[in-house]
Structure formats: structure tokens, C-alpha cells
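The values are calculated or read from the model by the stated rules, or taken from the named source; none is laboratory data. What you see is a predicted model, and the numbers here were worked out from it, not measured in a lab. Cβ atoms come from the backbone with ideal geometry, glycine included; neighbour counts cover every protein chain shown. Side chains included, ligands, DNA and RNA excluded: accessible areas come from the protein's heavy atoms. Shrake-Rupley method; radii C 1.70, N 1.55, O 1.52, S 1.80 Å.
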Amino acid sequence: MKKILVVFTGGTFSMMIDRSTGGAIPRYSGGELLDMIPEAKKLAEIEYFDFGKYPGPHVTPQLMLQLSKKIKQLISEKNYDGVIVTHGTDTLEETAYFLDLTINTEIPIVMIGSMKNSSEPDWDGPRNLIDAIHICLSENSKNIGVLVCLNGEINAASEVTKIYSDSVESFKSLDFGSLGFVQNGKVIYNRLPHYIEKIETDVIDDNVDMLTVYAGMNEKFFRFSADSGVSGIVVEALGVGNVPPPAFEGIKYAVEKGIPVVLTSRCPAGETDYIYSYPGAGKHLHDIGVIFADYINGQKARIKLIIVLGKTKDIHEIRRYFEGPRAKKRES
């Protein structure tokens, strides 16, 4: 039997209803959870590691870095055929992308969560774990980066986002669609990830703000962020990458202070581009030095900037990490 490592970090997957509060809280360890899903041990030799019992909102970039280092350590010590990571769904896509960028291995790493807790009759944790084991057992799952699997859908960590707050169909890749799916134990892939990237660093800089642009926004929040000593700013802009003229002045202020400003769109799908040239539009933003982040959303752009800033503070190098894929795409 193939050997699979399951790393338990908490989330709804590990929760049950607490009688004193009436709400779900983390409760179960990895061993207890595996005992509740005995069919998992029939499919592979399962080893587990308890990283913690963190609800999704409690996970920080520093914890993501610790998790990345722990996984790299564990897979260097034993020959695992795959790794499964359980995680709270609220920040699952951010941790998945962090691991995708920082762990370079050919074996599958599959992130799973649960939208229902173990006290509910339709707890989806067991199915997601079983599907993830099947993904790890498939030879086609190698060398395609970190994967996310809930509700039978397989998505790339770099592409997926949580689109529903409480549905089991919560995770979707809005730009490109899922990579594939698991059906009755069969793993079927329809395509490869749009882009795979690795960034090697042992340190991060998580002093990065993210600001969402809205109609009538002025320069206030950009100036406040820039004056606070922030290391970088991610801007979720309007449409394809535009902002109100007063907000432009705030972004310009940050750029002139030497702060890397990375721009994404607040739209749930689509890429950013600098095609408009009216006041506040993308062309002027790019001309003053704003970095455009292509297809990734704001939360992923922030994760990537946190990692990149741990490796370099050079603005030209930072730009290359974000706009390199764009340049390659346009050259082709």
C-alpha cells in the first residue's frame, strides 16, 4: 500500500458543537478523526501529524510558513506518496497558495476542509478525505502543484477561491474551471494548472496591507498605510484595474515613498490590464510604477507579496515575480 501523510491543522473538519455555547469549536485530534473515518486506512498506509487545532481565521502567514517548513521536513525524512492537509475553509485558499509557492516536490499535496462539522449528519469531512487519498494515489497528480479538493472537485491552489460562505460547493476556479474531479474513487483530470511557480525562501515579511477600492474612494487609507511603515500594499481595484482619481493620488504617494504596490481586481474573475488612460486608469497606474498581478485575486496577491518580500526588497525583482508570467504570455 502507498504511504500517505495527513497533516491536521484544525478547521471545521475537526469541530463539533459545544453544548455550553451552542456553536462549533475545534475538538478532535488527527488520530481521533482517522478513527471516525476507518475506510481511509483501507486505501493506503496513513500516517498523521497534528499541527494544531486552528479555526481558519486564526491562521496567520507566520503559521503558514511554519506549516510549509514542517511539511518539507516530514517529506524529507520519509518517502511519502502524497500529503493531505486539513484546514479551515475561511483561509484555506491562502494557505494552499502559500504551500504551492514554497514547497517544491513532485508528490501530490492536497488541501481539504469541511463545510459541515462532525456533529452534523451531512458532515462532508470524510468524503473530502477519501477523495484526497484517491488523488494522492493517482500518478497523474504528480508535479502539478498543490491541489484543493472539496465536494469531489479538484482545483489548483493558484486558481481556486471560496465563493460561497456556507455551501459544500464553496470552492471554484472562476477563471479557468476545475482541473478535474473524483467520482466513485476515479480521479479524472481535464487540464493542467494555468501556471506553476515556486519561490524559495525561509523568511517572509507579512507587514503587507490590502485595500479594496470603492466608488468615490479618496487617498486617505493609502496615505495612512504608507505612513505606517508598511512593507507593501495590495490594491483591489475596480474592473480591469482602475481607481477613482483621488485614490490614484494616494497610490502615487505610496509608490513615491518606495513602497511596492501590487494591483488586482475586486472582480471575482478576470485579469488586470492597463488599457484605459483616463485619470485614475490602469495605464497611469502602471506608468507610475504600480505592479499588475494578472489573474490572482487580492488575498493571493498579498500572500505572494509576503513571500517575495522575504526574498527581496528590490522593486524590479518584485515586479518580475508578478509580471513575469504576464510578459511570457504576451510574448507567446
*asked:* Residues to consider are Phe221, Phe248; find the one that is more than 30 Å from Ser178 (Cβ to Cβ), touching a His at 6+ places or on another chain (Cβ under 8 Å), in contact (Cβ under 8 Å) with a residue 12 or more places away in the chain and open to solvent by 10 Å² or more (accessible area, probe 1.4 Å).
replied: Phe248
_Let me confirm something: among Ser165, Ser119, which residue is part of a loop (DSSP other than H, G, I, E, B), touching a residue at least 40 places away in the same chain (Cβ under 8 Å) and open to solvent by 20 Å² or more (accessible area, probe 1.4 Å)?_
Ser119
_The listed residue being open to solvent by 50 Å² or more (accessible area, probe 1.4 Å) and modelled with pLDDT of 95 or more, out of Asn140, Asn184, Asn128, Asn151_ = Asn140
_Candidate set: the range 2-28, residues that are out of contact with any helix residue (DSSP H, G or I) (no Cβ under 8 Å at 6 or more places or on another chain) and part of a loop (DSSP other than H, G, I, E, B); chosen: the one surrounded by the most Cβ atoms within 10 Å (Cβ to Cβ)_ = Asp18
*Of the numbered conditions (1) under 19 Å from Asp124 (Cβ atoms); (2) touching a residue at least 60 places away in the same chain (Cβ under 8 Å); (3) not acidic (Asp, Glu); (4) not in a strand (DSSP E or B), Ile84 satisfies every one except a single condition; which is it?*
(4)
*Only one of these is of a type outside the set (Val, Ile, Thr), within 12 Å of the chain's Cα centre (by Cα) and open to solvent by 10 Å² or more (accessible area, probe 1.4 Å): Glu94, Glu106, Glu47. Name it.*
Glu94
*Among the residues of the range 29-42, which ones are open to solvent by 60 Å² or more (accessible area, probe 1.4 Å) and over 19 Å from Ile17 (Cα atoms)?*
Pro38, Glu39, Lys41, Lys42
*strands (runs of 3 or more DSSP E) enclosed by the range 179-235 - at least 2 residues per element that are more than 23 Å from Asp294 (Cα to Cα)*: 180-183, 186-189
*Inspect all residues belonging to the range 64-79 and state whether any of them is open to solvent by 20 Å² or more (accessible area, probe 1.4 Å) and outside any helix (DSSP H, G or I).*
yes
